[in-house]
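The values are calculated or read from the model by the stated rules, or taken from the named source; none is laboratory data. Values in this document were obtained by computation on a predicted structure and should not be read as measured data. Cβ: placed from backbone, ideal geometry, glycine included. Neighbour counts: every protein chain shown.
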Amino acid sequence: MPLYRDEAVVLRTHKLGEADRIVTMLSRQHGKIRAVAKGVRRTASKFGARLEPFMVADVQLYEGRSLDIITQAESLASYGADISADYGCYTAASAMVETADKITDDDGSLQQYLLLVGALRSLARREHGPSVTLDSYLLRSLSIAGWAPSFVDCAVTGEPGPHTYFVPQLGGVVADSVAPPGAARLDPATVSLLGALLSGDWTTVDTASDLSRNQASGVVAAYTQFHLERGLRSLQHVDRRA
Amino acid sequence: MYEGIVQELIDELGRLPGIGPKSAQRIAFHILQTETFDVRRLAEVLLEVREKVRFCTICGNVSEQETCSICRDPRRSHTTICVVEEAKDVVAIERTREFRGLYHVLGGAISPIDGIGPDDLRIRELMQRLGDGTVTEVIIATDPNLEGEATATYLTRLLVQPNLRVSRLASGLPVGGDLEYADEVTLGRAFEGRRTVEA
């Protein structure tokens, strides 16, 4: 398979040599791809603009020894301009693509691809606030990866909820009887918001108070950092005021 | 692997950006084999550049003195500041001979994924320069890529002040190119930034 073609969303780029870039993409069928785009940093480049982060493109690649080489790219959706026009959206999208970069591998996950494209589209169209869109993305992305948190039943005993103690290490909310000393106790409205973020109940999310949103963001960040082991660098730069 | 000092030279050259092992080896052998190559002069220049060159305390451009030649030049307009990412962008704009104001070098662009936030750039220094009210226009000339655009968005939000005009460099079609070969993003920008032609 020396030459292949796939749809991919650009996660990040690194400068290479004089005018090239290494482009990291999450593709629909081939998982995460790292490929060289030659000459894209030159202003005369024909496809440099199509290989910026947050762009969805139909790419043709040639299999190389260590890195593949991008031979063609056609734009399918261009979210970069709309996202970078709002600083809050930009920081949220950066955290999304960094998560996707860390959570996916070469095997591929169609669900992760569709989730990321959907989240970027939602940010670009300003459907919901950037902060809640990011939190919802993080919870769902971790769920697809096998780390689905529980926000109703106890994550340890399975005892039906609602519960208010949250322990990232135990996988979500836990019953009072099994909550370790020092466990964070959440407001019931925050627990409800977290469940809504995970299930995509946007009516509940959009009507939540600022206090619940802030508390939920802290919980999601702690849960994500715990499961990804290596911290997300972009998470500390997310503009939560937006 | 070569022996001793030759390998050391190849390794040191290979640490430079854009120079891989093969290029490092080629440069090392050029230095060794070419009689006309003045190694002493190269070594002196490398030492000199580290000792003499520093960053301008006003704009952040490279300079051999405390302030750079542009900031010291009394003929330049002190009412306009052009904000760029890197010192090499100053040279690129100077080549146009279109701009006669001052510069401000940010030292990069906001890139959360690389851990670079607004506090890691020289944004605070820019705000201090605008404090006395002398500057009436800020031209944001960050790179026309995602990080550059996001940095421009951040700066625009920060620079909302009375009596201060904030503008962004236009982007669009390269001079000498064919329209049919332009990608849709660039062409879209060109349409967005079109200007009225006056008779």
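Does B:ALA92 qualify as being without any contact (Cβ under 8 Å) to a residue 40 or more places away in the chain, within 14 Å of chain A (Cβ to nearest Cβ) and not polar (S, T, N, Q)?
Working: without any contact (Cβ under 8 Å) to a residue 40 or more places away in the chain: yes; within 14 Å of chain A (Cβ to nearest Cβ): yes; not polar (S, T, N, Q): yes.
When the stated conditions are applied, B:ALA92 passes them.
Return only the number of the condition from (1) in contact with a Ser or Thr (Cβ under 9 Å, 6 or more places away or on another chain); (2) more than 14 Å from chain A (Cβ to nearest Cβ); (3) closer than 27 Å to A:PRO53 by Cβ that B:GLY117 does not satisfy.
Only one criterion is unmet by B:GLY117, namely (2).
Right, B:PRO112: under 13 Å from the mean Cα position of the chain (by Cα), farther than 18 Å from B:ASN61 by Cα and buried (at least 18 other Cβ atoms within 10 Å of the Cβ) or not? I'd like the intermediate steps shown before the answer.
Numbers: under 13 Å from the mean Cα position of the chain (by Cα): no; farther than 18 Å from B:ASN61 by Cα: yes; buried (at least 18 other Cβ atoms within 10 Å of the Cβ): yes.
When the stated conditions are applied, B:PRO112 does not pass them.
Looking only at segment A:77-128, count how many residues are farther than 22 Å from B:TYR154 by Cβ and among the charged types (D, E, K, R).
Adding up the residues that qualify gives 7.
Starting from segment B:161-185, take each residue that is closer than 19 Å to B:ASN145 by Cα and of a type in the set (Ser, Thr, Tyr) and list its partners that are at pLDDT 80 or above and in a loop (DSSP other than H, G, I, E, B), counting only C-beta distances under 6 angstrom and pairs at least six apart or across chains.
As it stands, the answer is B:SER171/B:PRO144, since those pairs meet every condition given.
Residue by residue, here is whether (1) in contact with a Cys (Cβ under 8 Å, 6 or more places away or on another chain); (2) surrounded by 16 or more Cβ atoms within 10 Å (Cβ to Cβ); (3) among the charged types (D, E, K, R) holds:
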{"residue": "B:ARG40", "(1), (2), (3)": "no, no, yes"}
{"residue": "B:ILE58", "(1), (2), (3)": "yes, yes, no"}
{"residue": "B:ASP73", "(1), (2), (3)": "no, no, yes"}
{"residue": "B:ASP89", "(1), (2), (3)": "no, yes, yes"}
{"residue": "B:ARG97", "(1), (2), (3)": "no, no, yes"}
{"residue": "B:ASP119", "(1), (2), (3)": "no, no, yes"}
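For residues that are over 20 Å from B:ASP120 (Cβ atoms) and surrounded by fewer than 22 Cβ atoms within 10 Å (Cβ to Cβ), tally how many sit in segment B:132-176.
Final tally of qualifying residues: 24.
Count, please, the residues in segment A:52-77 that happen to be in contact with a strand residue (DSSP E or B) (Cβ under 6 Å, 6 or more places away or on another chain) and within 10 Å of another protein chain (Cβ to nearest Cβ).
First, pick out the residues of segment A:52-77 that are in contact with a strand residue (DSSP E or B) (Cβ under 6 Å, 6 or more places away or on another chain): A:53, A:55-62, A:67-77.
Now drop any that are not within 10 Å of another protein chain (Cβ to nearest Cβ), which leaves A:53, A:55, A:73-75.
Residues that pass the stated criteria total 5.
When only residues in segment B:143-188 that are more than 20 Å from the chain's Cα centre (by Cα), among the aliphatic types (A, V, I, L, M) and more than 9 Å from chain A (Cβ to nearest Cβ) count, which is farthest from A:ALA49 (Cα to Cα)?
The qualifying residue farthest from A:ALA49 (Cα to Cα) is B:LEU164.
Which ranges mark the helices (runs of 4 or more DSSP H) fully within segment B:37-121 that have 2 or more residues being over 17 Å from B:ALA141 (Cα atoms)? If you could, list the steps in order and put the result at the bottom.
Details: elements: B:39-52, B:69-72, B:87-96.
Filter on segment B:37-121 gives B:39-52, B:69-72.
Quick one: in segment B:95-114, which of the residues that are within 14 Å of chain A (Cβ to nearest Cβ) and in contact (Cβ under 8 Å) with a residue 24 or more places away in the chain is nearest to A:SER234 (Cα to Cα)?
B:SER111
Residues that are within 14 Å of another protein chain (Cβ to nearest Cβ), of a type outside the set (S, T, N, Q) and part of a loop (DSSP other than H, G, I, E, B): does segment A:88-101 have at least one? Break it down into steps so the answer makes sense when it comes.
Narrowing segment A:88-101 to residues within 14 Å of another protein chain (Cβ to nearest Cβ): A:88-101.
Of the ones still in play, those that are also of a type outside the set (S, T, N, Q) are A:88-90, A:92-93, A:95-98, A:100-101.
Next, from what is left, pick out any that are part of a loop (DSSP other than H, G, I, E, B): none.
No, segment A:88-101 contains no residue that is within 14 Å of another protein chain (Cβ to nearest Cβ), of a type outside the set (S, T, N, Q) and part of a loop (DSSP other than H, G, I, E, B).
Of the residues A:ARG12, A:ARG42, A:ARG21, which is among the basic types (Lys, Arg) and over 23 Å from the mean Cα position of the chain (by Cα)? Full working, then the answer.
On the way: A:ARG12 fails: over 23 Å from the mean Cα position of the chain (by Cα); A:ARG21 fails: over 23 Å from the mean Cα position of the chain (by Cα).
Selected residue: A:ARG42, the only one of A:ARG12, A:ARG42, A:ARG21 that is among the basic types (Lys, Arg) and over 23 Å from the mean Cα position of the chain (by Cα).
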